[in-house]
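Some notes on the structure that comes next.
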Amino acid sequence: MTGAAVNKRRSLCAAPHMVWAVLFIIAPLIFVAVYAFTDTSGAFTLDNFVSLADYTDAFVRSASYSLIATVICLIIGYPLASAICSCKPRTQRILIMMVMLPMWINFLIRTYAIMKLLEDTGIINSFLQLIFGEEFELHMINTPGAVIFGMVYDYLPYMVLPIYTVMSKIDPKLPEAAADLGCNKLQTAVRVTLPLSVSGIVSGITMVFVPSISTFYISQKLGGGQYLLIGDAIETAFGNVNTYNVGAAMSLVLMIIVLISTAVMNRFDKSGADENGGAVV
């Protein structure tokens, strides 16, 4: 088969993906950009971006909540992924299945389940009242902590899975060699395992931070609508014809923030790979 025929076959195989990308990725992005730079009459304007000053608190709150949730997911996810990798292969498959199991459940159902856990009359408070008495009540719902908890619960698997994938591919002879050279478990983890799992950490941070900063339903249900996030503001803006263009401007700015965050993390990942070369430091 000639090279031209191979290239033609590859182009035909890629055609459905290209059509999908144009219809459902590129075209919507173009529409968002057009609406962001026009008013309700279709005339060019920058007033939509000027109006974003009213949503500064929402941008800051979204960034801070998502950053906190990402850090918590990393603190929980890295040791969890490491513990899973230390198990037997069959046990690893079972544990990974348990990590992925919540992702099979609808996002809305998971959020409502968290509500039932955190409500003043929910499962957690009912259990605590059995221990400390009926007068005891821990208010958790409709708080910033509840919103962050929802983010961590929903996006933790996105941190665990990429880290586990990278750590499971580390040659087991490397930690053994480090132990033979006098490294204890902590030194081996810091000087061998951690540098070799940087790519998984970067992927996990990106996969958690991006959906967290754009989330909206979690804040509505677990925050009681008291803590406006940028996702909430965009949903509200698109729900009103008069503010549709402002919503497009917010979406465009959020898209740029996400792209910048992804580019920075990818650059960090590549820099770490170049410096460490995938070797022990």
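How do 139, 17 rank when sorted from fewest to most other Cβ atoms within 10 Å of their own Cβ? Display every interim value, and only then the final one.
Working: 139 12, 17 9.
Starting with the residue having the fewest Cβ neighbours, the order is 17, 139.
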Label-point separation (nm) for residue 41 and residue 124, each offset 7 Å from Cα along Cα-to-Cβ?
5.3
Nonlocal amide H pairs with residue 38, under 5 Å, H built at 1.01 Å:
45
Which one of 77, 122, 133 has the biggest mean-square fluctuation once the chain is modelled by GNM with Cα springs under 10 Å?
133
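Quick check: residue separation of residue 97 and residue 112 times 0.36 nm, minus the Cα distance between them. What number comes out in nm? Can you show the working numbers first?
Values: separation 15, 0.36 × 15 = 5.40 nm, distance 2.22 nm.
Computed gain between residue 97 and residue 112 is 3.2 nm.
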Based on DSSP H runs of at least 4 residues, each adding -39500 (n - 2.57), what is the mean residue ellipticity at 222 nm of the chain after dividing by all its residues, to the nearest 500 deg cm²/dmol?
-22500 deg cm²/dmol
Options 80, 125, 188, ranked by Cα towards positive dipole end of the stretch 48-276, top entry (Cβ charges)
188
Have a look at 69, 15, 178 and tell me which one the Gaussian network model of the chain (Cα, springs below 10 Å) gives the largest fluctuation.
15
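With a sphere of radius 15 Å drawn around the Cβ of residue 225, what net charge do the other residues whose Cβ falls strictly inside it have (Lys, Arg +1; Asp, Glu -1)? Let's see the in-between values first.
Working: positive: 61, 221; negative: 57, 232, 235.
So the environment of residue 225 carries a net charge of -1.
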Under a Gaussian network model of the chain whose springs join Cα atoms within less than 10 Å, the largest fluctuation of 128, 23, 80 belongs to 23
Most exposed to least, judged by fewest other Cβ atoms within 10 Å, 197, 251, 64 sort to 64, 251, 197
What is the dipole size for the chain, taken about its Cα centre, with +1 at each Lys and Arg Cβ and -1 at each Asp and Glu Cβ, in debye to the nearest 20?
1460
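Arrange 192, 253 by Cβ neighbour counts within 10 Å, fewest through most, would you? Don't jump to the answer; show the numbers that get you there.
Values: 192 22, 253 18.
Going from least to most buried by this count: 253, 192.
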Summing +1 for each Lys or Arg and -1 for each Asp or Glu, what net charge is found among the other residues whose Cβ lies under 12 Å from the Cβ of residue 58?
-3
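Based on alpha-carbon atoms only, what is the radius of gyration of the stretch 48-276 relative to the globular estimate 2.2 N^0.38 Å? Mind dumping the intermediate values first?
Details: Rg = 20.8 Å, N = 229, 2.2 N^0.38 = 17.3 Å.
Rounded to two decimals, the normalised Rg is 1.20.
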Taking +1 at the Cβ of each Lys and Arg and -1 at the Cβ of each Asp and Glu, which of 204, 145, 95 sits farthest along the dipole of the stretch 48-276 towards its positive end, judged by Cα position relative to the Cα centre?
95
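The numbers here are math on the coordinates, done by the rules we state, and not lab data. Since this is a predicted model, take the numbers as computed values, not measurements. Heads up, the Cβs are rebuilt from the backbone with ideal geometry, glycines too, and the neighbour counts pull from every protein chain shown.
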